[in-house]
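Worksheet: the structure to be examined is printed underneath.
The values are calculated or read from the model by the stated rules, or taken from the named source; none is laboratory data. Source: prediction; values computed, not measured. Here the Cβ is made from the backbone with ideal geometry for all residues, glycine too, and neighbour counts use every protein chain on show.
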Amino acid sequence: MPQRNVVSWTALMCGYLQNGDAKTSLSLFSKMGRSTVKPNEFTLSTCLKASGILGIAESGMQIHGVCAKSDFDWVPVVGNSIIDMYSKCGKVGDAERVFNTMAVRNVISWNAMIVGYTNGRSGEEALNLFRKMQEKGEVPDGYTYSSTLKACSCVGSVGKGMQIHAALIRQRFPYLAQSAVAGALVDLYVKSGRITEARRVFDRTEKKSVTSWSSLILGYAQEDNLPEAMHLFKQLRESRYKLDGFVLSSLIGVFADFSLLEQGKQMHAYTIKVPCGLSETSVANSVLDMYMKCGLTDQAEALFREMAARNVVSWTVMITGYGKHGIGNKAIQLFKEMQENGVEPDSVTYLAVLSACSHSGLINEGQRYFSSLCDNSHSKPQIEHYACMVDLLGRGGRLKEAKDFIEKMPMKPNMGIWQTLLSGCRMHGDVEMGKEVGDIVLSLDGNNPANYVMMSNIYADAGYWNECEKLRDTVKRKGLRKEAGRSWVEIDKEIHVFYNGDGMHPLIEKIHQVLKEMEKRVKEEIGYVHNVNFALHDVEEESKVESLRVHSEKLAIGLVLLRRGLKGERMIRIFKNLRVCGDCHTFIKGLSKVLKTVFVVRDANRFHRFENGLCSCRDYW
């Protein structure tokens, strides 16, 4: 162009910004500054938006200075953009100062500040501002309501969210026609555990967003209603909605947490086909995590090596996965490789490598990494790292050293630290220390049934049935109920869930028959004997054996053997929400040898790969 004016420059900056190129938009502003053309309010607003998108506070502050010198900071569109820029750059205090000095505010000004507080995790401030906004006579719009509902989610205030919902209905605000407002309501109800209310809003929403779909799917998954979650996901896949990277990562996370391998593989294939899929590091990290949690370490490693770009999360996911699988040496090797590649490990990465050392009994290596963390200038040990060290020493039988370590901690040990030591006492049968630590744990939380279960197990292993009985009486008197043990298995893309003592499955009689046959074979061929310490002590011996047979992981295995036959499967994957018990562990080891089948069992602590009568945990879990 032979001649350029402010409109020409601003139009080109807006074009780059709208096409996702904020960096070029800002560089154009710099070139414009070297010309004779002066910016107007729209030029400055555009550049402030670009700075906010890039999160570059320094350039945003420089532009703010230009605004102040040219008196454009009093113009509402510029003032609103300054607030938005500071909020997006994490400088909420600066945004607040600008907001408070504005001579003229409109609904966009209030919205920008409410969003700033919400994104800055200051939900209460956002809710207070929403109230003040209405007191000043400003009428909220859809963006105000969606932002304020997010603030309610942020602070866990479902009550205030319901009040806003009621106000929307009372004012006849068309919230069901506005996907952002309806989606925020769905998300609020899901996060507060009100899945029925969330579904009611979702079903009535005229224009659903992909965010509301994913929120509801995650909600059903968190409620353990996998069939409904999968049904909704199928509907979403068949709809016209395009999944973005954030939604893809969230949904793959559901499949990872529940170890739904076939669904996870389908999602992996889907991420290869779409633009916002595997090319985004966050999505690739989710696929890595899914394969690790489904027990496919080789597939995870292959994908990891193929990734065009890796971040600290990518390395941490792999180290965590190897640790859970008991492949501590590989986790350590990857940690070293990460540092050699110039990637600085964060506190989560250190937690992952310490956990890997713990699961593999690598005490010296774990102590070395903990010392390295203590000397690190970027990260310092948190309570979780100390818990890992207690676990490392406790699993290794160095219980006194673990207790001394706790007593010398620079911070007050929480209940989790003492629970970790109590678990070590149970593992090594130290009743005396177990009683001492158990008293501390129960004094910190006497209403957690898990604490009584751990103490009861220590006494049961030692044959102290009177003490067991006293604990059981206390649990009954307090009306405490421990989390029910459940296991699940995926067969032909269908999920089968079993609870301990489950008698609801239509094939339950045949499952019991298969398990009895397997118990007989394992007993005859390798001398398996039920460990009745894991059954109730005040029942007959035969009933004890029966109670062990109905443990959820055994029922899941029985169904696979029944459905696929004894020779049809070379690897069987079972998943359990709690720690696998000692009797089931012994039984599955024997079964792997008798059937010449690999069993991969993921429990609450780690992965167990049973093969040829041995387990990858080396009976160390």
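Hey, which of the helices (runs of 4 or more DSSP H) in segment 130-198, taking only ones fully inside, have at least 3 residues that are within 17 Å of Trp110 (Cβ to Cβ) and in contact (Cβ under 8 Å) with a residue 24 or more places away in the chain?
Numbers: elements: 142-155, 158-170, 179-191.
Qualifying helices (runs of 4 or more DSSP H): 142-155, 179-191.
Please go through segment 221-241 and give me each residue that is among the aliphatic types (A, V, I, L, M) and either touching a strand residue (DSSP E or B) at 6+ places or on another chain (Cβ under 7 Å) or within 14 Å of Glu494 (Cβ to Cβ) (or both), ordered by number.
Hits for segment 221-241 are Leu226, Ala229, Met230.
Asp244: under 22 Å from the mean Cα position of the chain (by Cα), buried (at least 24 other Cβ atoms within 10 Å of the Cβ) and among the charged types (D, E, K, R), yes or no?
Judged against the criteria, Asp244 is not a match.
So which residues in segment 389-430 are touching a Phe, Trp or Tyr at 6+ places or on another chain (Cβ under 7 Å) and buried (at least 17 other Cβ atoms within 10 Å of the Cβ)?
Met389, Val390, Leu393, Arg395, Ile417
Could you pull out the residue among Val92, Val98, Val139, Val104 that is surrounded by 18 or more Cβ atoms within 10 Å (Cβ to Cβ), more than 29 Å from the chain's Cα centre (by Cα) and more than 26 Å from Ser215 (Cα to Cα)?
Selected residue: Val98, the only one of Val92, Val98, Val139, Val104 that is surrounded by 18 or more Cβ atoms within 10 Å (Cβ to Cβ), more than 29 Å from the chain's Cα centre (by Cα) and more than 26 Å from Ser215 (Cα to Cα).
Could you list all residues from segment 112-122 that are assigned to a helix (DSSP H, G or I) and surrounded by fewer than 22 Cβ atoms within 10 Å (Cβ to Cβ)?
Let us first name the residues in segment 112-122 that are assigned to a helix (DSSP H, G or I), namely 112-119.
Of everything in segment 112-122, just one residue is assigned to a helix (DSSP H, G or I) and surrounded by fewer than 22 Cβ atoms within 10 Å (Cβ to Cβ), namely Asn119.
Looking at (1) in a loop (DSSP other than H, G, I, E, B); (2) at pLDDT 95 or above, can you tell me which one Glu344 breaks?
Unmet for Glu344, out of (1) in a loop (DSSP other than H, G, I, E, B); (2) at pLDDT 95 or above: (2).
Would you mind stating whether Leu17 is touching a residue at least 12 places away in the same chain (Cβ under 8 Å), within 21 Å of Ala112 (Cα to Cα) and surrounded by fewer than 18 Cβ atoms within 10 Å (Cβ to Cβ)? It would help to see each step written out before you state the result.
Working: touching a residue at least 12 places away in the same chain (Cβ under 8 Å): yes; within 21 Å of Ala112 (Cα to Cα): yes; surrounded by fewer than 18 Cβ atoms within 10 Å (Cβ to Cβ): no.
No: the conditions fail for Leu17.
Do you know which residues across segment 603-621 are part of a strand (DSSP E or B) and farther than 15 Å from Val560 by Cβ? Please lay out each step first, then the result.
Applying the first criterion (part of a strand (DSSP E or B)) to segment 603-621 yields 607-611, 614-615.
Selection gives Phe607, His608, Arg609, Glu611, Leu614, Cys615.
Which ranges mark the helices (runs of 4 or more DSSP H) fully within segment 367-466 that have 1 or more residues being of a type in the set (Ser, Thr, Tyr) and at pLDDT 90 or above? Please lay out each step first, then the result.
On the way: elements: 383-395, 399-407, 415-427, 431-444, 449-462.
By residue number, 383-395, 415-427, 431-444, 449-462.
Each row is one residue, and each column tells you yes or no for (1) part of a helix (DSSP H, G or I); (2) over 37 Å from the mean Cα position of the chain (by Cα); (3) not charged (D, E, K, R).
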| site | (1), (2), (3) |
| --- | --- |
| Leu471 | yes, no, yes |
| Arg481 | no, no, no |
| Ala484 | no, no, yes |
| Ser487 | no, no, yes |
| Gly503 | no, no, yes |
| Pro506 | no, no, yes |
| Lys516 | yes, yes, no |
| Val522 | yes, yes, yes |
| Glu525 | yes, yes, no |
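Among the candidates Phe29, Phe99, Phe72, which residue alone is in contact (Cβ under 8 Å) with a residue 12 or more places away in the chain, of a type outside the set (Lys, Arg) and within 22 Å of Gly120 (Cα to Cα)? Before the answer, list the steps.
Working: Phe29 fails: within 22 Å of Gly120 (Cα to Cα); Phe72 fails: within 22 Å of Gly120 (Cα to Cα).
On inspection, the qualifying residue turns out to be Phe99.
Of all residues being over 21 Å from the mean Cα position of the chain (by Cα) and among the β-branched types (Val, Ile, Thr) in segment 267-322, which is surrounded by the fewest Cβ atoms within 10 Å (Cβ to Cβ)? Just the residue, please.
Here the answer is Ile272.
How do the helices (runs of 4 or more DSSP H) wholly within segment 233-338 filter down when requiring 2 or more residues that are touching a Lys or Arg at 6+ places or on another chain (Cβ under 8 Å): which remain?
245-257, 261-273, 281-293, 312-324
Does Leu216 satisfy being crowded, with 21+ Cβ neighbours inside 10 Å, touching a residue at least 24 places away in the same chain (Cβ under 8 Å) and in contact with a Lys or Arg (Cβ under 7 Å, 6 or more places away or on another chain)? I'd like the intermediate steps shown before the answer.
Values: crowded, with 21+ Cβ neighbours inside 10 Å: yes; touching a residue at least 24 places away in the same chain (Cβ under 8 Å): yes; in contact with a Lys or Arg (Cβ under 7 Å, 6 or more places away or on another chain): yes.
Answer is yes for this residue.
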